[in-house]
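The values are calculated or read from the model by the stated rules, or taken from the named source; none is laboratory data. Computed from a predicted model, the values in this text were never measured in an experiment. Positions of Cβ are backbone-derived with ideal geometry, glycine not excepted, and every protein chain shown enters the neighbour counts. Note: accessible area is taken over every heavy atom of the protein model, side chains too, but ligands, DNA and RNA are not part of it. Shrake-Rupley method; radii C 1.70, N 1.55, O 1.52, S 1.80 Å.
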Amino acid sequence: MRSVEEHQRIVAEHLPGGAPVALPLAEAEHLVLATDLVAKVALPVFDNSAMDGYAVRAVDVAGADEAPVTLPVTEDIPAGRTDIPTLAPHTAHRIMTGAPVPVGATGIVPVERTDGGVDNVQIRAATSEGRHIRRAGEDVPAGETVLRTGQRVTPPVVGLAAALGHDRLTVWPRPRVLVISTGTELVRPGTALAPGQIYESNAVMLAAAVRDAGAEVLALATVSDDVDEFAAVLDRYAGDTDLIVTSGGVSAGAYEVVKDAFGRDGGQGVQFVKVAMHPGMPQGIGRVGDTTIVTLPGNPVSAMVSFEVYIRPALRAAMGFTHPQRPRRQAILTEALSSPPGKRQFRRGIFDADTGTVITWGPPASHHLRYMASANCLLDIPAEVTDLAAGAAVQLWDLG
């Protein structure tokens, strides 16, 4: 059987990143910068007031701590005023936070240290040279590189780009993903079940996982075990998508539509393999035309764990994330467990950050979806380990 590491490498090789794109700021959120960002302007753009108050010459109010100084108010400067006045000696300009500092002013007296006068103002406190003045370029000089390639676009990154006059950012694009769930027994949630039918859950679950990874869901579809129906969905979307993810139809039964569509020997663009892991042994990887296809098993936990192990890190690497893997940590196992020999097992778990301990959560079988829904980690048990005692250290994948 193929190792987990080898299959991870092959899936990642099939998902190279797309060409960088310049996107509006809102569309670039949570993506990764593909180029450095250079400041087009200084930040602040001009000297401006850090307080609501009065712009003065510091020398004119030097004695105000001992005796109030009264000055005529000759200008009113709200934020947004575009003509910058000049402050004459022994006068004051009323000024608002963010407004341009008048030429000749050397300090700002906060309004709380005055009587708030409009025509004349009584200054009750001295100020110093530069006090409460935000100097042009003191945050970012014009021409400086402020954001680097590989940095994730967070809300502050968006804010900084906008403050510097950029309305777009060049980022690695979101891969477009088609999700297909296969099985004649599947029906849409919200409809009545006939005997032998089950509600379709894999497509909506995997589509949610695609979006959580940061990629775009182009479409999701449910098809019966009919090769022509399956092929029609592929034909409809394959040219518009970067990745097709299927669930089901890859085991050894008589009605395995994905295998039947591509040839059970893997001779028509898709290679079907067994990977030494549990859950999720049957896997497939290949291409439909120029589009990558990854085929996952149909049991819901197998599908979800396979997505975490193979598809999520490959998607995030293609999007430029420098650390595409889930965070890893070690914890102390609070109970003994056994693992199948020769297979790398991924067990659902509950990690307690306060104690640094972990318990397994639910049976290891691949149909127990309820435990996957409430687990906060996966225990990663190496293929050569068959038994772990309580108190042993175990590696976790933090599912957040």
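The residues of the range 293-317 that are open to solvent by less than 10 Å² (accessible area, probe 1.4 Å), farther than 21 Å from Lys343 by Cα and either among the small types (Gly, Ala, Ser) or free of Cβ contacts under 8 Å to residues at least 24 places away in the same chain (or both) amount to a single one, Ala314.
Across the range 352-370, the qualifying residues are those that are open to solvent by less than 40 Å² (accessible area, probe 1.4 Å) and not small (Gly, Ala, Ser), and the one among them that is nearest to Ser201 (Cα to Cα) is Thr360. Within the range 210-233, being open to solvent by less than 10 Å² (accessible area, probe 1.4 Å), more than 25 Å from Val171 (Cβ to Cβ) and part of a helix (DSSP H, G or I) holds for one residue alone: Phe230.
Return yes or no: is Val177 within 30 Å of Ser201 (Cα to Cα) and hydrophobic (A, V, I, L, M, F, W, C)? So Val177 passes the test. Number of residues in the range 29-78 that are part of a strand (DSSP E or B) and modelled with pLDDT under 95 equals 0.
Within the set Ala192, Ala203, Ala207, the sole residue that is of a type outside the set (Phe, Trp, Tyr), under 18 Å from Val294 (Cβ atoms) and either in contact (Cβ under 8 Å) with a residue 40 or more places away in the chain or loosely packed, with under 14 Cβ neighbours inside 10 Å (or both) turns out to be Ala203. Residues that are touching a helix residue (DSSP H, G or I) at 6+ places or on another chain (Cβ under 9 Å) and either β-branched (Val, Ile, Thr) or open to solvent by 40 Å² or more (accessible area, probe 1.4 Å) (or both) within the range 140-154 comprise Val140, Val146, Gln151, Val153, listed in sequence order.
Taking each residue of the range 337-354 that is in a loop (DSSP other than H, G, I, E, B) and looking for partners that are open to solvent by less than 10 Å² (accessible area, probe 1.4 Å) with beta-carbon atoms closer than 8 Å, six or more apart or interchain, yields Ser339/Gln345; Ser339/Ile381; Lys343/Met277. Restricting attention to the range 160-183, the residues being touching a Leu at 6+ places or on another chain (Cβ under 9 Å) and in a loop (DSSP other than H, G, I, E, B) number 7.
Contact annotation: residue pairs with Cβ atoms under 8 Å, 6 or more positions apart or on different chains, pairing a residue in the range 379-398 that is assigned to a loop (DSSP other than H, G, I, E, B) with a partner that is open to solvent by 10 Å² or more (accessible area, probe 1.4 Å) and basic (Lys, Arg), are Pro382/Arg344; Ala383/Lys343; Ala383/Arg344. Answer yes if at least one residue in the range 83-101 is free of Cβ contacts under 8 Å to residues at least 12 places away in the same chain and within 28 Å of Ala39 (Cα to Cα), and no otherwise. Yes, the range 83-101 has at least one match.
Filtering the range 79-138 to residues that are open to solvent by less than 50 Å² (accessible area, probe 1.4 Å), touching a Gly at 6+ places or on another chain (Cβ under 6 Å) and assigned to a strand (DSSP E or B) leaves Ile108, Val109, Pro110. Restricting attention to the range 331-361, the residues that are farther than 18 Å from Met277 by Cα, in contact with a Ser or Thr (Cβ under 9 Å, 6 or more places away or on another chain) and not hydrophobic (A, V, I, L, M, F, W, C) add up to 5. When you check Thr386 against the structure, is it over 21 Å from Ala213 (Cβ atoms) and among the hydroxyl-bearing types (Ser, Thr, Tyr), yes or no? For Thr386, the condition - over 21 Å from Ala213 (Cβ atoms) and among the hydroxyl-bearing types (Ser, Thr, Tyr) - is met.
To keep it simple, each residue is scored yes or no on (1) in contact with a Lys or Arg (Cβ under 9 Å, 6 or more places away or on another chain); (2) among the basic types (Lys, Arg); (3) free of Cβ contacts under 8 Å to residues at least 12 places away in the same chain.
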{"site": "Val121", "(1), (2), (3)": "yes, no, no"}
{"site": "Arg124", "(1), (2), (3)": "yes, yes, no"}
{"site": "Thr127", "(1), (2), (3)": "yes, no, no"}
{"site": "Gly130", "(1), (2), (3)": "no, no, no"}
{"site": "Asp139", "(1), (2), (3)": "no, no, no"}
{"site": "Gly150", "(1), (2), (3)": "no, no, no"}
{"site": "Ala162", "(1), (2), (3)": "no, no, no"}
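With respect to the conditions (1) farther than 30 Å from Val257 by Cα; (2) buried (at least 19 other Cβ atoms within 10 Å of the Cβ), Arg347 falls short on a single one, namely (1). Considering the range 11-28, the residues that are open to solvent by 50 Å² or more (accessible area, probe 1.4 Å) and assigned to a loop (DSSP other than H, G, I, E, B) include one that is modelled with the lowest pLDDT, namely Pro16.
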